[in-house]
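Beneath this line is the structure, given in structure tokens, with notes to follow.
The values are calculated or read from the model by the stated rules, or taken from the named source; none is laboratory data. This structure is a prediction, so every number in the text was calculated from the model and none was measured. Here the Cβ positions follow ideal geometry from the backbone for every residue, glycine too, while neighbour counts run over all protein chains shown. Just so you know, the surface numbers come from the protein's heavy atoms only, side chains and all, with ligands and any DNA or RNA stripped out. Shrake-Rupley method; radii C 1.70, N 1.55, O 1.52, S 1.80 Å.
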Amino acid sequence: FDQVRRFLLIGQAREEGYPLDSLALALQTYRWQIRICLGDMVSEPLWPTRGIAASSATAVSELVLLLTSAIRHLQKALPTSLHYVHVDDISTTMYCKSYEELEQQARQAGEIYKHEFQDQAGLLFAPEQTFVQSHCEGYGL
């Protein structure tokens with residue numbers, strides 16, 4: 001959520017017909033002053049300049065809005081795979097008849113993920129949490 005580029009979110013909202021007045025209100029709230037508290041210590045005021053607030057009632061919808069075109073691209077490029085988005089977790093399940101096919105599809109999915117989510121949307125992936133689930137007929141995977 002903290003990596004979301006707000007200007008990209010606005011552009012995607014226009015393309016998808018998302019209610020711009022609701023988005024404008026949410027984006028204004030994300031700019032409000034915050035303070036960090038630890039025990040009885042309180043920071044000086046901070047004003048966020050990027051991202052959306054994960055605790056916001058609309059943040060998940062806004063993240064989905066940002067990811068919509070990437071998911072469509074994945075579905076078009078890999079129509080036999082299933083793509084899941086759960087809040088800020090994304091996974092792909094592939095059904096392949098051979099390891100070679102799996103390797104080709106996994107490589108293609110990885111390239112799409114990198115291009116669409118990192119390069120285009122500016123989101124970062126945690127390598128230790130990035131995975132592709134797959135099944136190869138006859139191999140018991």
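Just a few scattered comments:
- All positions within the range 91-101 that are among the charged types (D, E, K, R) and open to solvent by less than 90 Å² (accessible area, probe 1.4 Å): Glu101
- Among (1) modelled with pLDDT of 80 or more; (2) open to solvent by 80 Å² or more (accessible area, probe 1.4 Å), the one test that Leu124 misses: (1)
- Residues being of a type in the set (Ser, Thr, Tyr) and surrounded by fewer than 14 Cβ atoms within 10 Å (Cβ to Cβ) - total across the range 66-90: 2
- Selection count, the range 57-106, where residues are β-branched (Val, Ile, Thr) and assigned to a loop (DSSP other than H, G, I, E, B): 3
- When the range 90-105 is limited to residues that are more than 27 Å from Gln12 (Cβ to Cβ) and at pLDDT 85 or above, the one that is farthest from the chain's Cα centre (by Cα) turns out to be Glu100.
- Per the conditions (1) surrounded by 14 or more Cβ atoms within 10 Å (Cβ to Cβ); (2) modelled with pLDDT under 80; (3) in contact with a helix residue (DSSP H, G or I) (Cβ under 8 Å, 6 or more places away or on another chain), the sole criterion not satisfied by Leu63 is (3).
- Each residue in the range 25-46 was checked for being open to solvent by 50 Å² or more (accessible area, probe 1.4 Å) and at pLDDT below 90, and 9 pass.
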